1. Taking into account only those residues within segment 27-54 that are in contact (Cβ under 8 Å) with a residue 24 or more places away in the chain and among the β-branched types (Val, Ile, Thr), which is surrounded by the fewest Cβ atoms within 10 Å (Cβ to Cβ)?
2. Please work out if VAL57 is touching a helix residue (DSSP H, G or I) at 6+ places or on another chain (Cβ under 6 Å), surrounded by 15 or more Cβ atoms within 10 Å (Cβ to Cβ) and at pLDDT 80 or above.
Amino acid sequence: MPAFLARPKGLCHQAPAVVFDHSHGGGYDIGKKELVDGRSYMQPVPYAKALTDEGYVVLGIDHWCFGERGHTSELDTFKAMIWQGRVLWG
């Protein structure tokens, strides 16, 4: 699964971790890039910088239909997953 892992500079010990779930906002091409690039309607500093500055390791993935996993529409993916007993955010 396409993902970014951000960690504090010089980290050489265990640290707390956060899983970053990108927003929807209709930006299917953005996905995990929101972690490092931010979005205009979110906080002014991208979450990767804000969280690593506080000592957190951060994992941001491309959820279904977003970023590198955006090869089918959300509606088509949702329908297929329902038939399989799965959900997009499960």
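The values are calculated or read from the model by the stated rules, or taken from the named source; none is laboratory data. Remember, it's a predicted structure, so these values are computed and weren't measured experimentally. Here the Cβ is made from the backbone with ideal geometry for all residues, glycine too, and neighbour counts use every protein chain on show.
1. VAL36
2. Spelling it out, it is not the case that VAL57 is touching a helix residue (DSSP H, G or I) at 6+ places or on another chain (Cβ under 6 Å), surrounded by 15 or more Cβ atoms within 10 Å (Cβ to Cβ) and at pLDDT 80 or above.
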